[in-house]
Structures are given as structure tokens and as C-alpha cells.
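Beneath this line is the structure, given in C-alpha cells, with notes to follow.
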Number of protein chains: 2
Amino acid sequence: MVKLLALYRKPPDPKTFEEYYFKQHKPLAEKIPYLKAYKLYRVIGTPKGSTTDFYFLAELEFENREVMLKALRSPESLTAAKDVPQFARDIVSIFFVEETETPVSA
Amino acid sequence: MVKLLALYRKPPDPKTFEEYYFKQHKPLAEKIPYLKAYKLYRVIGTPKGSTTDFYFLAELEFENREVMLKALRSPESLTAAKDVPQFARDIVSIFFVEETETPVSA
């Protein structure tokens, strides 16, 4: 199982960010083909003593790498990607993760 | 649903990091009570043109905030937390996320 993670640092105006995300961006992201799951999370805290500037996380789950890359080449994905700088320029890190149960050297 | 996320940036020696993680740290983290799911992910790439220094992600899922905070006060959790600086000092960000389906202003 693989996921695209979009990890957002704290926006200048969280309320405006969230309104844009849910009303404008989410409907675009939901149209991406082969999407197995699409979940949104708000950062609610940290363990005692640590700090974070992370604010929001989007998880887009796909069956495997090949399907994800195919999905990301779709017109729907390109439309969603083009929308990101409208509300999250400079505050988002986007990366792919793959579930693993063994160390890389195994 | 809530999760504790431990997001690791690239370690100086990824192979040593992963060997420690899977052999030493994972058995400690697995003992944390009330753990609903514990999943590990390796960062496998980014969209074209972007960069990331993230390397590895651990997700510890709990039923809700109250259960998570109770779990994190347990002796097993304290033991696991004390182990983190042994292999990931300065490269880990730990934070809590909660799933949301509506903007914060709703």
C-alpha cells in the first residue's frame, strides 16, 4: 500500500486555509482516479516538550506505486496539483510513502 | 480516529537506522497499550520537481484523544519514548493528528 502525503505547515490564516481546502481543493482532489482512500487530519498537539509547525495532513491512498503514478498523470490530478499553490504555496511538503514491515537491508 | 505520527528525516546511515528501528525500537513501540494499529512507511519519492528530506514514518493509531493520552502515560510508552534519542536524536518530529471532515470554522 502506498500513500501520497501532503503535509502542511501552519498557514498565516488557518480559517481561510481550511475554508479553501474543503470548498475548493477537496472536490478537485476527490476526482483523482484510482484513489483508494482520501483522508484529512488536523494536527492537534505534540508530546510534552516538543514543538511542531505542522498544521494539516492529507493522505491519498493507492493500491501500489504503479497505480499511484498512473493516477498522478491523469488530467484530474494535474488540475488538483495546479490548485495547490493557490492556497498553500511555501507551506506544503508532498511526498510518497510505501508501507514496510522489514528493514531496507533485509 | 487519532494518530501519533513520528516523521523521520534522512538519517546519516539509513541502513543502521532501519536495523535499529526494526530490531530495537519496534518491539518496544508494539508494547504500548490501546494501540489500534501500528504501521511503518518508507518515503519512496516525491512529485516531479519537489524535494524532501523525509525518510521514514511511523503511525500509531488510537481510538480517540483520551485513549491516546492514557496510552502515552503508560510505562510501556515511556520506555519506547526514552529509546527514540538512541537512534533518532535531531531527525524526528512527533505530533498528533485527528481525522476531520469539515473545516475548523464549521
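Restricting the first residue to region A:35-60 and requiring it to be within 22 Å of A:Ala88 (Cα to Cα) and of a type in the set (Lys, Arg), which pairs with a second residue that is part of a strand (DSSP E or B) and open to solvent by less than 40 Å² (accessible area, probe 1.4 Å) meet a Cβ separation below 6 Å and a spacing of at least six or different chains?
A:Lys39/A:Glu59; A:Arg42/A:Phe56
Checking A:Leu4 against (1) in a loop (DSSP other than H, G, I, E, B); (2) under 25 Å from B:Thr51 (Cα atoms); (3) touching a strand residue (DSSP E or B) at 6+ places or on another chain (Cβ under 9 Å), which single condition isn't satisfied?
Here A:Leu4 meets the rest and fails (1).
May I ask you to list the residues in region A:55-79 that are open to solvent by less than 40 Å² (accessible area, probe 1.4 Å) and charged (D, E, K, R)?
A:Glu59, A:Glu61
Could you check region A:1-51 and list, in sequence order, the residues that are open to solvent by 60 Å² or more (accessible area, probe 1.4 Å), over 19 Å from A:Asp83 (Cα atoms), within 11 Å of another protein chain (Cβ to nearest Cβ) and charged (D, E, K, R)?
If the condition is that a residue be open to solvent by 60 Å² or more (accessible area, probe 1.4 Å), over 19 Å from A:Asp83 (Cα atoms), within 11 Å of another protein chain (Cβ to nearest Cβ) and charged (D, E, K, R), then A:Lys48 is the only one that fits.
Looking only at residues that are more than 9 Å from chain B (Cβ to nearest Cβ) and among the polar types (S, T, N, Q) in region A:52-81, which one is nearest to the chain's Cα centre (by Cα)?
Among residues in region A:52-81 that are more than 9 Å from chain B (Cβ to nearest Cβ) and among the polar types (S, T, N, Q), the one nearest to the chain's Cα centre (by Cα) is A:Ser77.
Any chance region B:92-101 includes a residue that's more than 10 Å from chain A (Cβ to nearest Cβ) and not aliphatic (A, V, I, L, M)?
Residues of region B:92-101 that are more than 10 Å from chain A (Cβ to nearest Cβ), as a first pass: none.
Within region B:92-101, not a single residue is more than 10 Å from chain A (Cβ to nearest Cβ) and not aliphatic (A, V, I, L, M).
How do the pairs read when you match residues in region A:76-90 that are within 14 Å of A:Tyr34 (Cα to Cα) and charged (D, E, K, R) with residues anywhere that are outside any helix (DSSP H, G or I) and open to solvent by 60 Å² or more (accessible area, probe 1.4 Å), using Cβ under 8 Å and keeping only pairs 6 or more apart or on different chains?
Hits for this filter: A:Glu76/A:Lys31.
Evaluate the following for A:Pro11: is it out of contact with any Gly (no Cβ under 7 Å at 6 or more places or on another chain) and modelled with pLDDT under 95?
For A:Pro11, the condition - out of contact with any Gly (no Cβ under 7 Å at 6 or more places or on another chain) and modelled with pLDDT under 95 - is not met.
The values are calculated or read from the model by the stated rules, or taken from the named source; none is laboratory data. The shown structure was predicted, so the numbers you read here are calculated from the model rather than taken from an experiment. Neighbour counts run over all protein chains shown; Cβ positions are idealised from the backbone, glycine included. Ligands, DNA and RNA are stripped out before the accessible areas are found, and what is left, the full protein with its side chains, is counted by its heavy atoms. Shrake-Rupley method; radii C 1.70, N 1.55, O 1.52, S 1.80 Å.
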